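Student: Got a structure for you, written out below as structure tokens; questions coming shortly.
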Amino acid sequence: MSAQLAPCACFHCGLPVAPGSGWEVEIEGALRPMCCPGCQAVAHSIVASGFGDYYATRTEFSASNAQQVLAPPELALYDSEGDAAAPEAGSPSLDAVFTVEGIRCAACVWLIERRLARLPGVLGADMNVATERLHVRWSRAHCKRSTILATLRQIGYAAYPYDPVRHGEQLERARKKLFRQLFIAGLSMMQVMMYALPVYLADDGTMDADMTALMHWAALLLTLPAVAYSAQPFFRAAWDNLKQRTLGMDVPVALGIAAAFGGSVAALVSGVGEVYFDSITMFIFLLLGSRYLELHARRKAARALENLQHALPAAALRMALWPQRRDTELVAADSLREGDVILVKPGDAVAADGVILEGDTEVDLALLTGESRTQPKGAGDLLPGGALNASQAIVLRVTRAACDSTLSMLVKLVERAGHGKPRLALWADKVAGWFVAGLLLLTLAVFIGWQMTDPARAWQVAIAVLVVSCPCALSLATPSALAAATDRLVRQGVLIVQPHVLETLQRATHVIFDKTGTLTVGKPVLRRVEPLAGVAREHCLALAGALEATSAHPLGAALREAAGAGGMQASRLRQVAGQGVEGTLDAVRYRLGSASFVRELAGEAPAGACADELSSVYLGSCAGWLARFELDDALRPDAQAVVRQFQARGKSVILLSGDAEPVARRVAAELGIERAHGAQLPDQKLAMVQALQAQGAVVAMVGDGVNDAAVLRAADVSFAMGSGAALAQMHADCVLLSGRLSSMSELAGTAAATLAVIRQNLAWASLYNVVAIPAAALGLLNPWMSGIGMSLSSALVVLNALRLRRGGG
């Protein structure tokens, strides 16, 4: 039976509706009143999701949403999205990204991850403190999306599936609220100081007791807004911590504020003891100031990553009848498919990867590669989705749907970026958790000790210990540095996907480079065609182009480009990793690739056929050897400098290539690399990396990502050049979006600077606590001095980390 609604009651929860509230939702064809924005949001979501029958069939009203953003009915609606979150059909596990509101500091991240880890069915939970997004993976059979959201609400964090627009609005609301709280605290602090200063100056007894009491009562009234409003984040977080039986950083902060305020009120009423209203307002203001600074740093660090996600346009101008007619129709970018022709106007972003059919222009690739200068592009050139047309209108044929475009691949990598923590961050989080427990025990011991020796100062000293030793600086030391470094690297065209990249690169003993597409530009040019069986040169080249029609390898692309549109089509194509391609034309089986690969089909090669001065590709059939194609790939202009810089850092540099041994040795000699191994198949590369690791080496691998998936995964830390082909098979820990090998040097320098800043921050935070806590325990610090010390300690850590954004370290 449906719940009965009283007059002037909320249609959702049944509570009274204030006159003139204005909150209402259309349900069952009529506008229904709501008591608060929370009920309005939930009711609108239920109706919009097609579950309006809920109101006709319910037997009880929903719980009030005055203090909730998500109600149980709305949470349950999210479970229907579970299948969409599955990485593949039939997968036993699901994963999703959530936006979490109310992240205040690194301790919030620790609490969220720890609580979700206890939830049955949750396989992993990683909170990205920079973007305030949570990545969760859970068992389909043992957990639901609504359970995760409800669990987060239980510990005081509103969460919902990630939506870019809503996430941006939530971040802006959080910033504005924190600024208001900071403003109120600052105003209270200045006003309280106006009344506290005369009392301090009149310590010679020139101010009578009544005037002193009046000053103190005025200070109490001015302190109330700071404690009741500005200090809300500390009290709320501490209460949530205690309910979950955990000890976060806000627990000693809230205890310190409450103890100082309670003691001051008691002293004022009784006329015995000291008041600390000035210290309280100063402490709240300085701590909120350091948190606002941290929030600003996190927002800046996240902005570069989020820009990638907003770069693809939502719509495109499709030219369905081109070239007969040039009419355009506005279509959703998601509906674009391979072969569609679109018009890209000046100032518009390219909606999907494609090749220019008509027009010459300048394109801005800064968002994708970090390159600030525009690049000229004309007919026949490829453009990645997300590139900005900066000059003339162009006509583009889509080569990959928007969902598979280069930028879409990058967005998927961005979703993975920042999840998890390096070992230093995990150590700091663990230490901070134990530190709070030890701090509370120490404060109790100090209070008892002073109560036995000087009861009049016991309360003051205990408050000073609580305030001075908040482990904010310790918990901020690592995440603030990593966020700043990530922001700097993204602006330089480097996307860190895994959290251990900077730390592991710094520890690496060996750096292994692939050759083609890594040390070389990756665009080989056909230098010579040598027929081996009297077959015409043009016919051999046409056969090679047909066999390489679908190849993503740079050598195959060079042969395909040289062959042009010959009209031949091969069937039964079979790619053999690291060796070549096999296919059938006119019922004849051909092989194109390395000499050993072709020999298996064509038999022994004619005398003098195999020459390896350049990169050679051979063509043969069951009838014998047909041709040798000699290709050359120029070295990257920055390759030698990068190799030398790594060698100068004391790292062993190795060249590992699938090209012939003479080619690999020639390139190594030009670059000054002492160890070079050519003719390496993917499994041989993998075996070499594993052998080095077995000897205790820490291996960094740099490849182009096309044929190096296995070795990239096996290396301790791996880097892939950011070409479109590489992104399609990305298995690296870091992507060089810029396409410049010199980004490796910049990355290595940033890794060293970041680790140095983290160590500086941890050392400062530890030194500060070692000095400040005993000083406070011995009564050498007043509460206001403790507040200044703790806040400045946190601010110093964040400011030191922000140097990384400008290249400091």
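The values are calculated or read from the model by the stated rules, or taken from the named source; none is laboratory data. Remember, predicted model here, so these are calculated numbers, not experimental data. Heads up, the Cβs are rebuilt from the backbone with ideal geometry, glycines too, and the neighbour counts pull from every protein chain shown. SASA here: full protein model, heavy atoms, side chains in, ligands and nucleic acids out. Shrake-Rupley method; radii C 1.70, N 1.55, O 1.52, S 1.80 Å.
Student: Check each of the GluC sites (Glu not before Pro) in the stretch 598-677 and keep only those in coil by DSSP with at most 11 other C-beta atoms within 10 angstrom; list them in order. Write down the numbers at each step before the final one.
Tutor: Details: sites: Glu600, Glu604, Glu613, Glu630, Glu670, Glu674; in loops: Glu604, Glu613, Glu674.
Those satisfying the criteria are Glu604, Glu613, Glu674.
Student: Right, next: At a temperature of 20 °C and a viscosity of 1.002 mPa s, determine how fast the stretch 486-570 diffuses translationally according to Stokes-Einstein, using the Kirkwood radius over alpha-carbon pairs as Rh; express D in µm²/s, rounded to the nearest whole number. Before the final figure, lay out the partial values.
Tutor: Working: Rh = 16.4 Å.
This corresponds to a translational diffusion coefficient of 131 µm²/s.
Student: Right, here's the next one. Within the set of other residues whose C-beta is less than 15 Å from the C-beta of Ala748, count the net charge using Lys and Arg as +1 and Asp and Glu as -1. Kindly include the intermediate steps, with their values, before the conclusion.
Tutor: Working: positive: Arg488, Arg507, Arg644, Arg649, Lys651, Arg740; negative: Glu503, Asp638, Asp716, Asp733, Glu746.
Local charge sum for Ala748: +1.
Student: Along the Cα→Cβ direction, 7 angstrom out, place labels at Thr453 and Leu681. What is the inter-label distance in nm?
Tutor: Here the answer is 7.7 nm between the modelled labels.
Student: Just how much of Ile184 is accessible, in Å², when a 1.4 Å probe is used and the result is rounded to the nearest 10?
Tutor: In the full protein context, Ile184 sits at about 50 Å².
Student: While we're here: Students often check this: by mean Cβ neighbours within 10 Å, which of 134-146, 501-513, 450-462 ranks highest, and how do the rest follow? Display every interim value, and only then the final one.
Tutor: Details: 134-146: 18.8, 501-513: 22.2, 450-462: 16.8.
Result, highest mean Cβ count within 10 Å first: 501-513, 134-146, 450-462.
Student: A follow-up question, please. Would you kindly find the accessible area of Asp638, with a 1.4 Å probe and non-protein molecules such as ligands, DNA and RNA excluded, rounding to the nearest 10 Å²?
Tutor: Roughly 30 Å² of Asp638 is accessible to a 1.4 Å probe.
Student: Roughly how large, in nm² to one decimal, is the mean projection of the convex hull of the alpha-carbon atoms in the stretch 623-719?
Tutor: 7.7 nm²
Student: What shape does the stretch 531-593 take by its C-alpha gyration tensor, where a ≥ b ≥ c are the square roots of the eigenvalues and a/c under 1.5 counts as rounded, a/b above b/c as prolate, and the rest as oblate? Mind showing how you got there, number by number?
Tutor: Numbers: a/c = 1.41, a/b = 1.19, b/c = 1.19.
Rounded, because the longest to shortest axis ratio a/c is under 1.5.
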